[in-house]
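Visitor: Below are the structure tokens for one structure; questions will follow.
The values are calculated or read from the model by the stated rules, or taken from the named source; none is laboratory data. This is a predicted model, so every value here is computed, not measured. Backbone-built Cβ (ideal geometry, glycine too); neighbour counts: all protein chains shown. The area values use the complete protein model at the heavy-atom level, side chains included, leaving out ligands, DNA and RNA. Shrake-Rupley method; radii C 1.70, N 1.55, O 1.52, S 1.80 Å.
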Amino acid sequence: MTKPFAIAIHGGAGTILREQMSESLKQEILDALTRSVQAGADILGSGGDALEAAVAAVKVMEDSPHFNAGKGSVLTHCEMVEMDASVMHGASMNAGAVAGVRHIRNPVELAKDVMLDSDHVMLIGEGAETFAFERGYDYTEQDYFFTERRYEQLQSMKQKGLFALSESKYPDDKKYGTVGAVALDSHGNLAAATSTGGVTNKKYGRVGDTAIIGAGTYAENDNVAVSTTGMGEYFIRKTVAGDVAARMRYLQEDVRTASESVIQGELKDMGGEGGLIAIDANGEVHFAMNSTGMYRASIDVSGDLCVKIYADE
Ligand code: ASP
């Protein structure tokens, strides 16, 4: 008998308000989420590795303009795209991350190569790109990532002299649109992958939780895999993904209890808004959020597909 496998993904915890979401836009987002989770499940269904599945799922969202990762990433103060990504494999506890990359079409793929093909865990900026180009990655022009929507959003932020964390005329974009995936494969391996453009109007080489193992991404076999989305400054200080794993390991909390304890408890108390996806060693998936919504989808151990946007769904 084949062992169970399951996958969950998120497309960010900042969702477009119901009243501003057209039916056609909603359908496009639901379709992209479905394609993403299905891409990962196809790999798991043919006996593939959890990290391969998580990376494949994230790449679909990086390639979609609807999410804040890869194409469609938010813009920095200098009107550039600067992306962060990380991956972790629960069997080896090996991990890879990149931060501040500007010309890599799929940063999550590069994070995986940092894990597999370097002696390091995290590479940043030009160094990370040199590592990529030495391995045959294409140089992707900034134009590829650029979307009109993100440009307008940046102008609005600049006019107000604010960063993305404050009010915006784009209620969806004032928050977060990072993408991520967690998976359990049929060999019992857990893995997590996360990718982002960060926050609008960021300056000075700001890096968020998405690039930080233990904050935005964590995976540990026989325990849990976690990918987060939200205000990185809080998620880093609360080491959110690692904290969920630690609660499960030391307190024997289940995946739901541990995830909710962190997201609705200490993180929220600190003022941190956002959410996470987590999957345990049995393939039990949990979505936790203290925001009004989080783009999310899963294919569970029974093969059932679930795709949702708002917190009250
Ligand atoms: N966590 C990301 C960051 O702070 C933002 C997001 O989740 O969209 O860079």
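Visitor: I need the shape label for region 12-166. Rule: rounded when a/c is under 1.5, else prolate if a/b > b/c, else oblate, with a, b, c from the alpha carbon gyration tensor.
Guide: oblate
Visitor: Using the Cα centre of the chain as origin and beta-carbon charges of +1 (Lys, Arg) and -1 (Asp, Glu), tell me which of 286, 38, 191 is placed farthest towards the positive end of the dipole.
Guide: Looking along the dipole axis, the top candidate is 286.
Visitor: Also, I was wondering about something else. Probe radius 1.4 Å, ligands and nucleic acids ignored: give me the carbon and sulfur share of the accessible area of region 104-155 as a rounded percent.
Guide: That fraction is 48 percent.
Visitor: Charges only on Cβ, +1 for Lys and Arg, -1 for Asp and Glu: so what's the dipole of region 254-313 about the Cα centre, in debye to the nearest 20?
Guide: For region 254-313, the charge dipole is close to 160 debye.
Visitor: State, to one decimal in nm, how far the label point of residue 141 lies from the label point of residue 118, with both points 7 Å from Cα in the Cβ direction.
Guide: Rounded to a tenth, the inter-label distance reads 2.7 nm.
Visitor: Using θ = phi - 60° and the Karplus relation 6.51 cos²θ - 1.76 cosθ + 1.60, list the HN-Hα couplings for region 208-223 in order, rounded to whole Hz, with x at every Gly or Pro.
Guide: In residue order, the calculated couplings are x, 5, 4, 8, 9, 5, x, 9, x, 9, 7, 8, 8, 4, 6, 9 Hz.
Visitor: Sticking with this structure for a sec: Can you return the aspartates and glutamates within cross-link range of residue 268? Criterion is Cα-Cα under 17 Å, with same-chain partners fewer than 8 residues away left out.
Guide: 209, 233, 243, 260
Visitor: Quick one: pull the percent of accessible area on region 254-313 belonging to carbon and sulfur, 1.4 Å probe, ligands and nucleic acids left out.
Guide: C and S fraction of accessible area: 43 percent.
Visitor: For the charge dipole of the chain, defined by +1 on Lys and Arg C-beta atoms and -1 on Asp and Glu C-beta atoms about the Cα centroid, which residue among 108, 29, 274 has the Cα displaced farthest towards the positive pole?
Guide: 274
Visitor: Ok, one more. Would you work out if region 169-313 is rounded, prolate or oblate? Take a ≥ b ≥ c from the square roots of the eigenvalues of the alpha-carbon gyration tensor; rounded if a/c is under 1.5, else prolate when a/b is larger than b/c, oblate otherwise.
Guide: Because a/c hits 1.5 or more and a/b exceeds b/c, region 169-313 counts as prolate.
Visitor: Ok, one more. Sequence neighbours fewer than 8 away in the same chain don't count; with that in mind, list the aspartates and glutamates whose C-alpha is under 16 Å from residue 158.
Guide: 79, 148, 167, 173
Visitor: Let me ask you something else. Where the only charges are on Cβ atoms (+1 Lys, Arg; -1 Asp, Glu), what is the dipole of the chain about its Cα centre, to the nearest 20 debye?
Guide: It works out to roughly 720 debye.
Visitor: Here is a further query. Name the shape class, rounded, prolate or oblate, that the alpha-carbon gyration tensor gives for the chain, where a ≥ b ≥ c are the square roots of its eigenvalues, rounded holds for a/c under 1.5, and otherwise prolate holds if a/b is larger than b/c and oblate otherwise.
Guide: The shape class here is rounded.
Visitor: Can you list the HN-Hα couplings for region 52-61, worked out from phi with the Karplus curve (6.51, -1.76, 1.60; θ = phi - 60°), rounded to whole Hz and with x for Gly and Pro?
Guide: So the J values, rounded to whole Hz, are 4, 5, 5, 5, 4, 5, 5, 4, 4, 6.
Visitor: To the nearest 500 deg cm²/dmol, what mean residue ellipticity at 222 nm is calculated for the chain from DSSP H runs of n ≥ 4 alone, each contributing -39,500 (n - 2.57), summed and divided by the residues?
Guide: So the calculated ellipticity at 222 nm is -9500 deg cm²/dmol.
Visitor: Same structure, new question: Filter 71/203; 26/59; 160/308; 26/238; 3/59 down to the pairs with a C-alpha to C-alpha distance above 28 Å, please.
Guide: 160/308; 26/238
Visitor: Name the long-range amide H neighbours of residue 218: under 5 Å, sequence gap of 5 or more, or other chain; modelled H, no Pro or chain starts.
Guide: For residue 218, the qualifying residues are 226.
Visitor: What residues have an amide H closer than 5 Å to that of residue 75, excluding those fewer than 5 places away on the same chain, when H is modeled at 1.01 Å from N in the peptide plane?
Guide: 201
Visitor: Note down the accessible area of residue 89, probe 1.4 Å, to the nearest 10 Å².
Guide: 20
Visitor: Under a 5 Å amide H to amide H cut-off, with H placed in plane at 1.01 Å, what residues pair with residue 191 once short-range neighbours are removed?
Guide: Those qualifying (amide H under 5 Å, at least 5 residues apart or on another chain) are 90, 183.
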